[in-house]
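Reviewing the structure listed below.
FYI, it's all coordinate maths here, none of it is from the lab. It should be emphasised that the depicted structure is a prediction, and the values quoted were computed from it without experimental measurement.
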Amino acid sequence: MGEVANKADSALARDLGAAPEVLRRSDAPARLLLADDDAEIAMLMYRILSRQGWQVVRVGDGFQAVSAWPAEGIPFDLVILDLYMPRKNGYQAYQELRKLHPEARFLFVSGWFTEDACAKRVVDEGLPYLLKPFDPQDLISMVRLLLRVRRNPAETSPT
């Protein structure tokens with residue numbers, strides 16, 4: 001089984017232009033919610049994050065992200081939101097999820113940050129974000145960091 005996993009990691013690393021050791025499994029299990037309307041990028045992020053041993057639930061927009069949070073059962077440890085999506089953008093989903101689940105942690109990803117109100121709020125509020133395209137190791141490192149940080153209103157977000 002280990003040899004098959006190593007070959008899969010090597011193939012994914014080659015596809016992403018990353019070193020295989022970048023994709024090695026993380027020590028801690030976690031549940032992640034990933035919302036991105038770009039199916040190709042979402043699948044790449046899903047593969048990178050899943051290889052860490054994290055359970056990843058993938059949805060295509062902010063509306064689905066809000067709906068995906070379980071009413072009962074195990075909540076998500078981290079929500080990764082593309083900033084610009086149809087129906088409900090990432091910031092709108094963040095606002096709604098934050099009201100319902102103040103303990104939730106968030107990471108924004110975007111291919112571009114403009115001077116619009118949505119991006120300005122993310123930056124002004126010190127919310128963590130990554131600009132696409134990003135190196136797989138940057139995504140893994142940021143997720144690991146956010147999973148270690150306990151969120152409360154008095155803390156500042158790592159960016």
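Which value in Å is the Kirkwood Rh of region 25-148 over different Cα pairs?
Working: mean 1/r = 0.0697 Å⁻¹.
Kirkwood hydrodynamic radius for region 25-148: 14.3 Å.
Grab the Cα-Cα distance for Arg47 and Arg121, subtract it from 0.36 nm times how many residues apart they are, and report the gain in nm with one decimal. Each step should come with its number before you reach the end.
Details: separation 74, 0.36 × 74 = 26.64 nm, distance 2.93 nm.
The Arg47-Arg121 span can extend by a further 23.7 nm.
Annotation: amide H of Leu78 within the under-5 Å range of Arg31, Leu33, sequence separation 5 or more or interchain, hydrogens built in the peptide plane. Length gained on full extension, Glu72 to Arg148: 25.0 nm, using 0.36 nm per residue less the C-alpha separation.
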